[in-house]
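Written out below as C-alpha cells is the structure these notes cover.
The values are calculated or read from the model by the stated rules, or taken from the named source; none is laboratory data. Here the structure is a predicted model, which means the values were calculated and not measured. Don't worry about glycine lacking a Cβ; one is built from the backbone with ideal geometry, like all the others, and counts go over all protein chains shown. The area values use the complete protein model at the heavy-atom level, side chains included, leaving out ligands, DNA and RNA. Shrake-Rupley method; radii C 1.70, N 1.55, O 1.52, S 1.80 Å.
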Amino acid sequence: MFEIHQLRCFVAIAEELHFGHAAERLHMTQPPLSRQLRLLEEALEVRLVDRNSRTVRLTVAGAAFLEHARGVLRLAADGRRVARLAAQGEVGHVSLGFTVAAAFELLPALLRDFRSVNPGVSLQLKEMVSSAQLAQLEQGLLDACLARPIPAAQGYAQFTMARDTLVAALPAAHPLAQRETLDIAAFDREPFIDHDPDDARYYHELVWRSFSTHGVAPEVTQSVSQPHTMISMVRAGLGLALVAGWVQHHTVSRDVVFRPLVWAEPPPPLELRLVWRADRMTPALTHFIAVARQLSGLPAEPWDAP
C-alpha cells in the first residue's frame with residue numbers, strides 16, 4: 001500500500017506543519033517531499049494535508065492517520081533493532097535438554113552464568129534421559145543437550161562439562177554397610193538394582209563392562225532409569241546399586257548408605273557433556289556454548305562468541 005519512507009515524510013510534515021522545515025529535517029528538498037506525500041495520499045485514497053501559501057494543516061483524516069503512522073515507524077524501528085540484536089546473539093531462543101544428573105549443580109550454574117551476560121535470550125528447558133534428548137536434537141526440537149557422551153558423528157559437536165565416579169548404594173541394614181569401602185567383588189551374587197539397558201544405556205553398559213572385567217555376576221532384581229527410583233528400591237531392601245557420586249550428596253535417608261569403591265581396574269569416569277549440532281548454529285547458541293566452555297574451564301574455540 002505504501003512505503004516506510006512515505007510515512008516518515010508524512011510524520012515530519014505533520015509535526016513541523018512546514019514543508020521547508022520537514023524537508024530540512026529529513027535532509028531532502030521540498031519537491032521529493034511533496035511527491036512522497038502525494039504518493040501516500042494516492043495509496044490511501046484520502047487527502048491528509050491541506051496546504052496553501054500561508055499555512056499547512058492536517059485534515060481530519062490526516063490527524064487520525066498520524067498516530068497509526070507513528071506506530072508503524074516505531075514497529076519498524078523495533079524490528080530493525082531486534083533483528084540486529086538477534087544477529088549478534090543478544091536476543092533469541094535456546095532450547096536445552098538435560099538429564100537429572102545435571103539438574104542439581106551444573107545446570108543452575110550454567111543458567112546463572114548465561115543469564116548474567118545474555119538476559120535477552122529466552123531458554124526452554126526439557127528434562128529427559130540422554131537417548132530422548134539426542135532424538136530431539138536430531139529432529140531439531142532441541143538446540144543442545146546436557147547428556148551422556150555420544151560416539152563421534154558427522155554434524156555433532158560435544159565437550160565434557162562434568163565428571164563423576166560410581167559409588168555403592170546399600171540398605172543401611174545390609175552387612176556390607178558396615179565396611180568403609182567396598183571391593184567390586186562384593187557385588188558378586190548379590191541382589192542388584194540395575195540401570196535400564198534402554199533408557200539408561202550409558203550407565204548400564206559402563207557398570208556391566210566393569211562387572212565383566214572383574215568376573216562379577218550380581219543377580220538383577222529390578223531395572224530402572226532414574227536414580228531416585230533406584231535409591232527408593234535400595235531403601236526397600238530390594239538390592240544393592242551402583243550410582244553416580246552426585247546422588248549421595250542429594251539423598252537424605254537413614255535407610256541408605258553410600259560407600260566408595262575399590263577397583264583393580266577402575267572404569268572410566270562418568271561424563272556429562274554439552275552436545276549440539278554443529279551444522280545448526282545460531283548466534284544465541286554460539287553465546288550459550290561459549291559460556292558453557294568457560295564454566296567447564298576449557299579454552300575458547302574459534303567459533304565461540306567473544
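Would you please classify the overall shape of region 175-251 from the alpha carbon gyration tensor, given that a ≥ b ≥ c denote the square roots of the eigenvalues, rounded means a/c under 1.5, and beyond that prolate means a/b larger than b/c while oblate covers the rest? Working shown, then result.
On the way: a/c = 1.40, a/b = 1.04, b/c = 1.35.
Rounded, because the longest to shortest axis ratio a/c is under 1.5.
Using R₀ = 25 Å, calculate the FRET efficiency as 1/(1 + (r/R₀)^6) where r is the Cβ-Cβ separation of F159 and E138; round to 0.05.
0.85
Using only alpha carbon pairs under 8 Å that are at least six residues apart, calculate the relative contact order of region 174-245 and give it in whole percent.
Once divided by the residue count of region 174-245, the mean separation gives 40 percent.
Report the charge-dipole magnitude of the chain in Debye, nearest 20, computed about the Cα centre from +1 at each Lys and Arg Cβ and -1 at each Asp and Glu Cβ.
On the way: 29 positive and 33 negative charges, 269 e Å.
Magnitude of the dipole: close to 1300 debye.
Please figure out what share of the DSSP beta bridges in the chain is antiparallel and state it in percent, rounded to the nearest 5. Please report the intermediate quantities before stating the final value.
Details: 23 of 41 bridges.
Antiparallel bridges make up about 55 percent of those DSSP assigns within the chain.
Just the number please: accessible area per residue for region 165-243, 1.4 Å probe, all protein chains included, in Å². Spell out each step's value before the answer.
Values: 3730 Å² over 79 residues.
Result: 47 Å² per residue.
Report the relative contact order of the chain, percent, no decimals, based on alpha-carbon pairs under 8 angstrom and at least 6 residues apart.
Answer for the chain is 20 percent.
Give the angle, between 0 and 90 degrees and rounded to the nearest 10, that separates the Cα long axis of helix 201-213 from the longest principal axis of the Cα atoms of the chain.
Between the helix axis and the principal axis of the chain, the angle is about 30 degrees.
Which cross-chain or sequence-distant (5 or more) residues have an amide H under 5 Å from the amide H of S225, H modelled 1.01 Å from N in plane?
Placed amide hydrogens put D196 under 5 Å from S225.
On a 0 to 90° scale, report how tilted helix 106-117 is relative to the longest principal axis of the chain, with both axes built from alpha carbons and the result rounded to the nearest 10.
The angle comes out near 20 degrees.
If I compute solvent accessible area with a 1.4 Å probe over the protein chains, what percent of it on the chain is carbon and sulfur?
On the chain, the fraction of accessible area on carbon and sulfur atoms equals 53 percent.
So how much slack lies between R51 and A185, counting 0.36 nm per residue of separation and subtracting their Cα-Cα distance, in nm?
Net length gain for the segment: 38.4 nm.
Computed over the Cα atoms of region 13-140, what is the ratio Rg over Rh, Rh following Kirkwood?
Looking at region 13-140, the ratio lands at 1.33.
Nearest 10 degrees is fine. How inclined is helix 30-44 to the longest principal axis of the chain, computing both from alpha carbons?
70 degrees
Show me the three semi-axes of the equivalent ellipsoid for the chain, from the C-alpha gyration tensor (sqrt of 5 times each eigenvalue), largest first, rounded to whole Å.
Here the semi-axes work out to 68, 18, 15 Å.
Quickly rank 20-30, 171-181 as a protection proxy: mean count of other C-beta atoms within 10 Å, highest first.
Sorting 20-30, 171-181 by mean packing, highest first, produces 20-30, 171-181.
Order 205-211, 218-224 from most to least packed using the mean count of other Cβ atoms within 10 Å. Mind dumping the intermediate values first?
Working: 205-211: 17.3, 218-224: 15.6.
Ranked from most to least packed, the peptides come out as 205-211, 218-224.
Work out the FRET efficiency for H228 and D78 from their Cβ-Cβ distance, taking R0 = 45 Å, and round it to the nearest 0.05.
Step by step, r from the Cβ atoms, then E = 0.50.
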